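Structure first, commentary second.
Throughout, read-outs are computed from the coordinates displayed, never taken from laboratory work. From a predicted model like this one, the values you see are computed outputs, not experimental measurements. Cβ placement follows ideal geometry from the backbone for every residue including glycine, while neighbour counts extend to all protein chains displayed.
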Amino acid sequence: MRTSRLETRWLYNASAVLALRETTTLFANAVKGIEETGIAPQNAINRDEVLPPVVAEQFEVGVREAITPKLALSVAGFSVKKMIPGLRADGIYTLVGDVHHRGGELSLTGEVAPGTTLVLGVLAMTPRLSRPGAATVKPVGVSSDVLVASVNHQFDWMGLGPGWSVDARATWQSPRIANAAATFKTVDAASLSVGTRYEFKLNGLPAQLRLVAANIGTTRPWSVGPSGLLIQGDPFRIRASLRLTLS
């Protein structure tokens, strides 16, 4: 069985950038667009049902400062409004209310030393869910605070030759509300991965050898999505791969 429907809406996308000086830039943007809401999960009565898309509105204003020609710091505040899916008391996964995210983000990206690049991102927000006839609460499966940091270093020492690099990535997410009644929540979740790569030529074709140790020291914490379905984190693992570009 197939179903379809047609809706007509006016959408917009506007942005502005103002250079205050050579190293300082102000920016702002406003977006109203269509966003997919996914498929009902396996713990819902209507599992595998495709949910209708929603209209999301986002406003952001911030400043970007070039610390060096290759390193920049950005600070921004944002507001996001949209309908959010969730699991109702009767087991149906559908749109359950309007969510409003207000917060700020900070990012530091670029080259901090010769051959060393850094990406640091911090997000802090106050997610709020408004349901018809109910008090405003925190939505299920949303972290209020997120931290992401990654570093990559390319080197040529100890006779290894060019093409070698090492990298590391760390993430952290604050606890999440795990049910609509907000009676329990997950613990915060952190992960660390370290790897190395070697780029070379194989029979004249570009190739890359990659070795990664993922989820170092993990306790496999549980995470939760908007449906309340609990998912356990991945265990420690080591992965090796060889990529060959044919064209």
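A few comments on the model shown:
- For the stretch 207-247 and the stretch 82-154, distance of Cα centres in Å: 21 Å
- Theoretical gain in end-to-end length, Ala190 to Ser241 [0.36 nm per residue, Cα-Cα removed]: 15.9 nm
- Likely footprinting exposure, Tyr93, Tyr12, fewest C-beta neighbours within 10 Å first: Tyr12, Tyr93
- The order of Arg210, Arg21, going from fewest to most other C-beta atoms within 10 Å of their C-beta, is Arg21, Arg210.
- Neighbour-count ranking [beta-carbon atoms within 10 angstrom, fewest first] of Phe200, Phe184: Phe184, Phe200
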